[in-house]
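Comments concern the structure below.
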Amino acid sequence: MAITVNTSALLSSGGFDVQSLADAMIQADSAPEQIWQSQLQTAQSQASALQTLSSDLSNLSEDAHALNDYVGAFSSRTSSSSDSSVVTATVASGASVGTHTVTVTNLASNASYYSNTTIATGDTTLAGGGTLSIKVGNGTTQTIDLGTYNSLNEVAAQINKLSSGVKANVINDSSGAILSVVGNGTGKANDVTLSTTTGAALAFTQTGSGNDANFSVDGIPLTSATNTVTGIVPNVSFQLLGLSSNPVDVSVNADTNAASQAITNFVNDYNTLISAINAQFTFDTSTNSAGPLAGDSVVRQLQEQMLGAISGSTSSSGSITGLSSLGISMNDDGTLSLDSSTLNNALTSNFSDVQSFLQNTSNGFALNMSNLLTTLTDPTNGPISVDLQGIDATENSLNDSINNFNENMTILRQQLVNQLTQASNALQELPLEEADLGQMPTVSNNNKS
């Protein structure tokens with residue numbers, strides 16, 4: 001770009017704006033930097049788009065791994081009971097699907113006592129002394145001197161300090177206060193023996209003893225010190241809640257909701273990835289351009305691999321002959337549609353076939369997708385990572401060129417400022433020199449020929 005200087009204006013003004021002229025001259029030489037800035041902006045747009053695709057790809061990879069996880073969604077279990085007032089169950093991942101019959105003839109219980117004497121309040125002084133003895137199971141007998149502790153509140157506090165396996169409380173009602181002593185644990189091993197000496201300030205009545213639960217699972221008679229029973233059926237915990245005259249059916253079921261959600265997550269994240277890829281090749285008439293990665297062969301190859309992995313799936317298992325058996329179909333743009341009704345029917349009717357279709361160790365769909373996505377998302381050698389490394393190197397090179405160019409332009413500008421300042425100063429001195437010339441004396445020539 002040429003710089004036009006109005007020399008007559010400069011001469012008439014006796015000087016010029018050095019800084020503005022230097023900036024204009026530098027600007028005229030900035031074409032290389034403008035090209036580099038444009039290239040840098042393109043590289044940054046490409047990097048941003050690739051990072052989005054990388055994130056979408058990672059999400060899909062996690063979904064594929066979840067579908068192929070033997071202890072994931074397809075090992076999740078739920079339980080049901082034909083009479084939840086008698087027994088329920090809590091099931092852990094991997095429990096065998098099936099139904100167990102449970103009969104409960106006795107619940108585990110803890111020992112309980114209450115004092116026979118009603119006192120006005122918990123702080124009322126007890127009449128008499130004597131001792132109170134407490135023994136839990138086969139433990140050591142511990143005693144309390146009732147003559148030392150003169151109220152129900154004091155006796156209760158002392159019992160609790162013993163940490164003997166019982167809990168003492170003072171119960172107040174309209175009749176006054178009594179002392180309650182209850183065993184901390186259930187079962188025969190936690191039964192409580194409580195007694196006082198003859199004539200002691202307190203006497204007690206037993207209202208319950210520590211007993212084991214008596215029940216059967218699938219016809220096998222069993223006992224338990226607690227009403228929460230574990231270890232009978234692997235990964236299943238039974239909660240005994242009441243007595244039953246008839247067997248109660250407790251079922252362990254595959255968690256179809258968890259499996260359905262895992263498949264839905266995969267379809268949704270697959271569509272997110274494919275839509276993001278498609279957007280790179282969609283021509284925008286308002287900008288007359290496609291996405292920043294429209295010319296990137298890596299992205300085109302990624303699109304082909306994803307579409308091929310879905311359309312080329314040949315895995316089958318029993319009633320499940322392909323993705324269509326799960327209600328999954330491909331749209332014209334490569335995205336997927338999911339028929340939830342078809343999926344739920346497949347999971348309800350043929351859960352094991354669905355699981356085998358996905359997780360078959362030779363050609364399971366989820367296994368194949370997981371292996372492919374593991375390669376594609378490799379942080380070092382994955383195609384997107386390699387592509388990003390190349391763009392990053394381009395950005396670094398462009399930034400170096402721009403920085404070096406700016407440093408050189410800064411030096412050049414200062415040189416121009418110095419030169420232009422000298423020129424401006426010289427112009428400012430011209431009027432003075434002209435004035436000096438005008439004041440010079442005229443020399444007369446008196447010689448006549």
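Being buried (at least 19 other Cβ atoms within 10 Å of the Cβ) and acidic (Asp, Glu) narrows it down to one residue among Asp269, Asp284; which is it?
On the way: Asp284 fails: buried (at least 19 other Cβ atoms within 10 Å of the Cβ).
From the options Asp269, Asp284, the qualifying one is Asp269.
Suppose we filter Leu202, Leu243 for residues that are touching a residue at least 12 places away in the same chain (Cβ under 8 Å), outside the structural domain of Ser341 (by TED's automatic domain parsing), closer than 25 Å to Ser84 by Cα and in a loop (DSSP other than H, G, I, E, B); which single one remains? First the steps, then the outcome.
Numbers: Leu202 fails: closer than 25 Å to Ser84 by Cα.
Result: Leu243 is the single residue among Leu202, Leu243 that is touching a residue at least 12 places away in the same chain (Cβ under 8 Å), outside the structural domain of Ser341 (by TED's automatic domain parsing), closer than 25 Å to Ser84 by Cα and in a loop (DSSP other than H, G, I, E, B).
Considering each of Thr90, Thr124 in turn, give the residue that is touching a residue at least 12 places away in the same chain (Cβ under 8 Å), of a type in the set (Val, Ile, Thr), over 30 Å from Leu222 (Cβ atoms) and not in a helix (DSSP H, G or I).
Working: Thr90 fails: over 30 Å from Leu222 (Cβ atoms).
From the options Thr90, Thr124, the qualifying one is Thr124.
Touching a strand residue (DSSP E or B) at 6+ places or on another chain (Cβ under 6 Å), among the small types (Gly, Ala, Ser) and buried (at least 18 other Cβ atoms within 10 Å of the Cβ), is that true of Ser356? Quick ask: steps written out before the conclusion?
On the way: touching a strand residue (DSSP E or B) at 6+ places or on another chain (Cβ under 6 Å): yes; among the small types (Gly, Ala, Ser): yes; buried (at least 18 other Cβ atoms within 10 Å of the Cβ): yes.
Considered against the rule, which asks whether it is touching a strand residue (DSSP E or B) at 6+ places or on another chain (Cβ under 6 Å), among the small types (Gly, Ala, Ser) and buried (at least 18 other Cβ atoms within 10 Å of the Cβ), Ser356 comes out as yes.
Of all residues in the stretch 127-142, which are assigned to a strand (DSSP E or B) and under 55 Å from the mean Cα position of the chain (by Cα)?
Ile134, Lys135, Val136, Gln142
How many residues are of a type outside the set (A, V, I, L, M, F, W, C) and in contact (Cβ under 8 Å) with a residue 40 or more places away in the chain if we restrict to the stretch 258-286? Spell out the reasoning first.
Step one: filter the stretch 258-286 for residues of a type outside the set (A, V, I, L, M, F, W, C), giving 260-261, 264-265, 268-272, 275, 278, 280, 282, 284-286.
After this cut, where a residue has to be in contact (Cβ under 8 Å) with a residue 40 or more places away in the chain as well, the list is 260-261, 264-265, 269-272, 275, 278, 280.
Residues flagged as of a type outside the set (A, V, I, L, M, F, W, C) and in contact (Cβ under 8 Å) with a residue 40 or more places away in the chain within the stretch 258-286 amount to 11.
Taking Ala366 as the residue in question, decide whether it is among the small types (Gly, Ala, Ser), in a helix (DSSP H, G or I) and out of contact with any helix residue (DSSP H, G or I) (no Cβ under 6 Å at 6 or more places or on another chain). Reasoning before the result, please.
Values: among the small types (Gly, Ala, Ser): yes; in a helix (DSSP H, G or I): yes; out of contact with any helix residue (DSSP H, G or I) (no Cβ under 6 Å at 6 or more places or on another chain): no.
No; evaluated as a whole, the condition is false for this residue.
Inspect all residues belonging to the stretch 426-444 and state whether any of them is in a helix (DSSP H, G or I), modelled with pLDDT under 75 and in contact with a Phe, Trp or Tyr (Cβ under 8 Å, 6 or more places away or on another chain). Quick ask: steps written out before the conclusion?
Our first condition is that a residue be in a helix (DSSP H, G or I); within the stretch 426-444, this holds for 426-438.
Checking the rest, the ones that are also modelled with pLDDT under 75 come to 426-438.
Still in the list and also in contact with a Phe, Trp or Tyr (Cβ under 8 Å, 6 or more places away or on another chain): 427.
The answer is yes, given that some residue of the stretch 426-444 is in a helix (DSSP H, G or I), modelled with pLDDT under 75 and in contact with a Phe, Trp or Tyr (Cβ under 8 Å, 6 or more places away or on another chain).
Can you find a residue in the stretch 312-326 that is under 23 Å from Ile384 (Cβ atoms), small (Gly, Ala, Ser) and part of a helix (DSSP H, G or I)?
No; the residues of the stretch 312-326 include none that is under 23 Å from Ile384 (Cβ atoms), small (Gly, Ala, Ser) and part of a helix (DSSP H, G or I).
When you go through (1) surrounded by 13 or more Cβ atoms within 10 Å (Cβ to Cβ); (2) touching a Leu at 6+ places or on another chain (Cβ under 7 Å) one by one for Ala95, which number turns out not to apply?
That leaves (2) as the condition not met.
Has the stretch 190-204 got any residue that is under 45 Å from the mean Cα position of the chain (by Cα), at pLDDT 95 or above and more than 16 Å from Tyr149 (Cβ to Cβ)?
Of the stretch 190-204, the ones under 45 Å from the mean Cα position of the chain (by Cα) are 190.
Pick out the ones that are also at pLDDT 95 or above and you get 190.
Narrowing further to those that are more than 16 Å from Tyr149 (Cβ to Cβ): 190.
Looking through the stretch 190-204, at least one residue is under 45 Å from the mean Cα position of the chain (by Cα), at pLDDT 95 or above and more than 16 Å from Tyr149 (Cβ to Cβ).
Out of the stretch 376-391, which residues are polar (S, T, N, Q) and closer than 11 Å to Ser58 by Cα? Walk me through how you get there before you give the answer.
Initially, the stretch 376-391 is screened for residues polar (S, T, N, Q), giving 377, 380-381, 385, 389.
Across the stretch 376-391, the qualifying residue is only Thr377.
The values are calculated or read from the model by the stated rules, or taken from the named source; none is laboratory data. Model, not experiment: these values are computed from the prediction. All Cβ positions, even for glycine, are placed from backbone atoms using ideal geometry, and neighbour counts span all protein chains on display.
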